[in-house]
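Report on the following structure.
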Amino acid sequence: MSPRRYESSVRAERAAQNRRRLIAAATDLFLRQGWTTTTMSQVAARAGLARPTLYLHFDTKLVLLLACIDAALSDIPVRQRDDYLAMGSGSVRHRTAVAAHWLRAAYERSASIQRVLDDAAVTTPEAAVALASMEGRRHDEFAHACTLVLGSEASPADSIVDEVWALGSRTMWFKLAERGWSPQRWEAWFARVLLDAIHAHRRDRPHANP
(Lines give C-alpha, C1' and ligand atoms only; values in the text may rest on other atoms or scores of the structure.)
Protein backbone atom coordinates (compact mmCIF):
# COMPACT_ATOMS: atom_id res chain seq x y z
CA MET A 1 0.00 0.00 0.00
CA SER A 2 1.37 3.42 -0.93
CA PRO A 3 1.86 6.04 1.84
CA ARG A 4 -0.96 8.15 0.38
CA ARG A 5 -3.40 5.24 0.32
CA TYR A 6 -2.36 4.26 3.84
CA GLU A 7 -2.97 7.79 5.14
CA SER A 8 -6.34 7.86 3.41
CA SER A 9 -7.26 4.52 5.00
CA VAL A 10 -6.21 5.76 8.44
CA ARG A 11 -8.27 8.94 8.02
CA ALA A 12 -11.30 6.95 6.91
CA GLU A 13 -11.04 4.63 9.92
CA ARG A 14 -10.60 7.58 12.29
CA ALA A 15 -13.65 9.25 10.80
CA ALA A 16 -15.67 6.04 11.21
CA GLN A 17 -14.54 5.75 14.83
CA ASN A 18 -15.50 9.38 15.50
CA ARG A 19 -18.91 8.79 13.98
CA ARG A 20 -19.48 5.75 16.19
CA ARG A 21 -18.38 7.71 19.27
CA LEU A 22 -20.74 10.55 18.43
CA ILE A 23 -23.68 8.21 17.87
CA ALA A 24 -22.99 6.39 21.13
CA ALA A 25 -22.72 9.66 23.05
CA ALA A 26 -25.85 11.09 21.46
CA THR A 27 -27.85 7.93 22.08
CA ASP A 28 -26.94 7.99 25.77
CA LEU A 29 -27.87 11.66 26.10
CA PHE A 30 -31.12 11.39 24.13
CA LEU A 31 -32.24 8.43 26.23
CA ARG A 32 -31.36 10.10 29.53
CA GLN A 33 -32.34 13.71 28.78
CA GLY A 34 -34.76 13.58 25.89
CA TRP A 35 -34.91 15.63 22.71
CA THR A 36 -35.26 19.17 24.01
CA THR A 37 -32.57 19.13 26.68
CA THR A 38 -29.87 17.41 24.65
CA THR A 39 -27.60 19.81 22.75
CA MET A 40 -24.98 19.31 20.07
CA SER A 41 -22.37 20.81 22.42
CA GLN A 42 -23.18 18.19 25.03
CA VAL A 43 -22.86 15.41 22.47
CA ALA A 44 -19.46 16.63 21.31
CA ALA A 45 -18.25 16.94 24.90
CA ARG A 46 -19.55 13.49 25.84
CA ALA A 47 -17.78 11.98 22.81
CA GLY A 48 -14.57 13.86 23.64
CA LEU A 49 -14.55 15.58 20.26
CA ALA A 50 -14.69 19.17 19.06
CA ARG A 51 -17.95 20.69 17.82
CA PRO A 52 -16.55 21.15 14.28
CA THR A 53 -15.88 17.40 14.17
CA LEU A 54 -19.48 16.74 15.17
CA TYR A 55 -20.79 19.01 12.43
CA LEU A 56 -18.57 17.30 9.85
CA HIS A 57 -20.70 14.21 10.39
CA PHE A 58 -24.12 15.61 11.32
CA ASP A 59 -25.51 18.93 10.12
CA THR A 60 -28.32 19.10 12.67
CA LYS A 61 -29.53 17.48 15.86
CA LEU A 62 -32.31 15.77 13.91
CA VAL A 63 -29.85 14.21 11.45
CA LEU A 64 -27.89 12.97 14.47
CA LEU A 65 -31.00 11.47 16.08
CA LEU A 66 -31.93 9.67 12.86
CA ALA A 67 -28.40 8.23 12.73
CA CYS A 68 -28.86 6.98 16.30
CA ILE A 69 -32.10 5.28 15.28
CA ASP A 70 -30.48 3.68 12.23
CA ALA A 71 -27.62 2.40 14.39
CA ALA A 72 -30.08 0.88 16.87
CA LEU A 73 -32.08 -0.88 14.18
CA SER A 74 -29.45 -2.86 12.27
CA ASP A 75 -26.20 -2.63 10.34
CA ILE A 76 -27.72 -5.07 7.82
CA PRO A 77 -30.70 -4.07 5.64
CA VAL A 78 -33.72 -5.60 7.34
CA ARG A 79 -34.80 -7.72 4.36
CA GLN A 80 -31.37 -9.34 4.27
CA ARG A 81 -31.35 -10.38 7.94
CA ASP A 82 -31.60 -14.13 8.55
CA ASP A 83 -33.92 -13.64 11.53
CA TYR A 84 -36.27 -11.57 9.34
CA LEU A 85 -36.20 -14.01 6.42
CA ALA A 86 -36.98 -16.87 8.84
CA MET A 87 -40.57 -15.56 8.93
CA GLY A 88 -41.01 -17.20 5.52
CA SER A 89 -40.32 -20.80 6.58
CA GLY A 90 -42.33 -23.44 8.42
CA SER A 91 -45.97 -23.57 9.42
CA VAL A 92 -47.99 -20.40 9.86
CA ARG A 93 -47.91 -20.90 13.63
CA HIS A 94 -44.11 -21.13 13.51
CA ARG A 95 -43.90 -18.06 11.25
CA THR A 96 -46.03 -15.97 13.60
CA ALA A 97 -43.82 -17.00 16.53
CA VAL A 98 -40.72 -16.01 14.56
CA ALA A 99 -42.31 -12.69 13.58
CA ALA A 100 -43.23 -11.90 17.18
CA HIS A 101 -39.73 -12.74 18.38
CA TRP A 102 -38.14 -10.65 15.63
CA LEU A 103 -40.31 -7.61 16.39
CA ARG A 104 -39.69 -7.91 20.11
CA ALA A 105 -35.92 -7.96 19.52
CA ALA A 106 -36.21 -4.96 17.18
CA TYR A 107 -38.14 -2.98 19.79
CA GLU A 108 -35.73 -3.94 22.56
CA ARG A 109 -32.94 -2.49 20.42
CA SER A 110 -34.66 0.58 19.08
CA ALA A 111 -38.05 1.49 20.59
CA SER A 112 -36.63 3.82 23.25
CA ILE A 113 -34.49 5.85 20.85
CA GLN A 114 -37.35 5.98 18.33
CA ARG A 115 -39.56 7.35 21.09
CA VAL A 116 -37.26 10.38 21.21
CA LEU A 117 -38.28 11.09 17.60
CA ASP A 118 -41.94 10.70 18.60
CA ASP A 119 -41.39 13.40 21.23
CA ALA A 120 -39.38 15.62 18.89
CA ALA A 121 -42.17 15.52 16.31
CA VAL A 122 -44.50 17.30 18.75
CA THR A 123 -42.47 20.52 18.71
CA THR A 124 -40.19 20.28 15.67
CA PRO A 125 -41.83 20.33 12.21
CA GLU A 126 -38.82 18.73 10.51
CA ALA A 127 -38.95 15.88 13.01
CA ALA A 128 -42.66 15.43 12.32
CA VAL A 129 -41.89 15.06 8.61
CA ALA A 130 -39.12 12.56 9.37
CA LEU A 131 -41.43 10.59 11.66
CA ALA A 132 -44.18 10.45 9.03
CA SER A 133 -41.69 9.18 6.48
CA MET A 134 -40.35 6.57 8.90
CA GLU A 135 -43.85 5.37 9.77
CA GLY A 136 -44.65 5.04 6.07
CA ARG A 137 -41.59 2.85 5.60
CA ARG A 138 -42.53 0.85 8.69
CA HIS A 139 -45.98 0.19 7.25
CA ASP A 140 -44.38 -1.03 4.01
CA GLU A 141 -42.06 -3.32 5.99
CA PHE A 142 -45.04 -4.73 7.87
CA ALA A 143 -46.68 -5.44 4.52
CA HIS A 144 -43.57 -7.28 3.37
CA ALA A 145 -43.38 -9.20 6.66
CA CYS A 146 -47.03 -10.19 6.22
CA THR A 147 -46.13 -11.51 2.78
CA LEU A 148 -43.45 -13.72 4.35
CA VAL A 149 -45.70 -14.98 7.13
CA LEU A 150 -48.73 -15.55 4.90
CA GLY A 151 -46.68 -17.14 2.13
CA SER A 152 -48.48 -14.95 -0.40
CA GLU A 153 -48.40 -11.35 -1.55
CA ALA A 154 -49.78 -8.86 0.96
CA SER A 155 -50.62 -5.40 -0.36
CA PRO A 156 -50.04 -2.39 1.91
CA ALA A 157 -53.75 -1.69 1.36
CA ASP A 158 -54.82 -5.07 2.84
CA SER A 159 -56.69 -4.77 6.11
CA ILE A 160 -54.50 -7.42 7.75
CA VAL A 161 -51.45 -5.21 7.19
CA ASP A 162 -53.17 -2.31 8.96
CA GLU A 163 -54.21 -4.61 11.81
CA VAL A 164 -50.71 -5.98 12.32
CA TRP A 165 -49.15 -2.53 11.92
CA ALA A 166 -51.43 -1.11 14.63
CA LEU A 167 -51.11 -4.05 17.03
CA GLY A 168 -47.35 -4.13 16.57
CA SER A 169 -46.87 -0.40 17.02
CA ARG A 170 -44.40 1.23 19.41
CA THR A 171 -47.38 2.82 21.12
CA MET A 172 -48.81 -0.60 21.95
CA TRP A 173 -45.38 -1.84 23.03
CA PHE A 174 -44.99 1.02 25.51
CA LYS A 175 -48.60 0.95 26.71
CA LEU A 176 -48.29 -2.70 27.70
CA ALA A 177 -44.83 -2.17 29.19
CA GLU A 178 -46.31 0.58 31.35
CA ARG A 179 -48.90 -1.95 32.50
CA GLY A 180 -46.04 -4.13 33.73
CA TRP A 181 -45.81 -6.50 30.76
CA SER A 182 -42.42 -8.11 30.20
CA PRO A 183 -40.99 -8.41 26.67
CA GLN A 184 -41.65 -12.16 26.88
CA ARG A 185 -45.33 -11.61 27.70
CA TRP A 186 -45.63 -9.07 24.88
CA GLU A 187 -44.05 -11.55 22.44
CA ALA A 188 -46.46 -14.34 23.40
CA TRP A 189 -49.43 -11.97 23.13
CA PHE A 190 -48.38 -10.59 19.74
CA ALA A 191 -47.80 -14.09 18.33
CA ARG A 192 -51.32 -15.04 19.46
CA VAL A 193 -53.11 -12.00 18.06
CA LEU A 194 -51.12 -12.21 14.83
CA LEU A 195 -52.14 -15.86 14.40
CA ASP A 196 -55.78 -14.96 15.11
CA ALA A 197 -55.62 -12.17 12.50
CA ILE A 198 -54.17 -14.57 9.93
CA HIS A 199 -56.86 -17.19 10.60
CA ALA A 200 -59.54 -14.53 10.15
CA HIS A 201 -57.84 -13.37 6.95
CA ARG A 202 -57.75 -16.92 5.61
CA ARG A 203 -61.18 -18.04 6.76
CA ASP A 204 -62.40 -18.27 3.18
CA ARG A 205 -59.20 -19.90 1.93
CA PRO A 206 -59.47 -23.57 2.98
CA HIS A 207 -56.32 -24.61 1.12
CA ALA A 208 -54.01 -22.30 3.08
CA ASN A 209 -51.16 -23.85 5.02
CA PRO A 210 -52.03 -24.81 8.62
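The values are calculated or read from the model by the stated rules, or taken from the named source; none is laboratory data. Because the structure is a prediction, the values reported are computed rather than measured. Cβ: placed from backbone, ideal geometry, glycine included. Neighbour counts: every protein chain shown.
Could you please find all residues in the range 103-147 being charged (D, E, K, R), at pLDDT 95 or above and over 19 Å from Asp28 (Cα atoms)?
Residues satisfying the conditions are Arg104, Glu126.
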- Task: Consider Ala100 carefully, then state whether it is touching a Phe, Trp or Tyr at 6+ places or on another chain (Cβ under 6 Å) and under 23 Å from Arg185 (Cβ atoms).
- Result: yes
- Message: What are the pairs with Cβ atoms under 9 angstrom where one residue, in the range 98-115, is in contact (Cβ under 8 Å) with a residue 60 or more places away in the chain and the other, located anywhere, is of a type in the set (Lys, Arg)? Sequence gap at least six, or different chains.
- Response: Ala100/Arg192; Tyr107/Arg170; Ala111/Arg170
- Message: Are there helices (runs of 4 or more DSSP H) fully within the range 1-71 with at least 1 residues that are closer than 23 Å to Glu108 by Cβ? List them.
- Response: 3-37
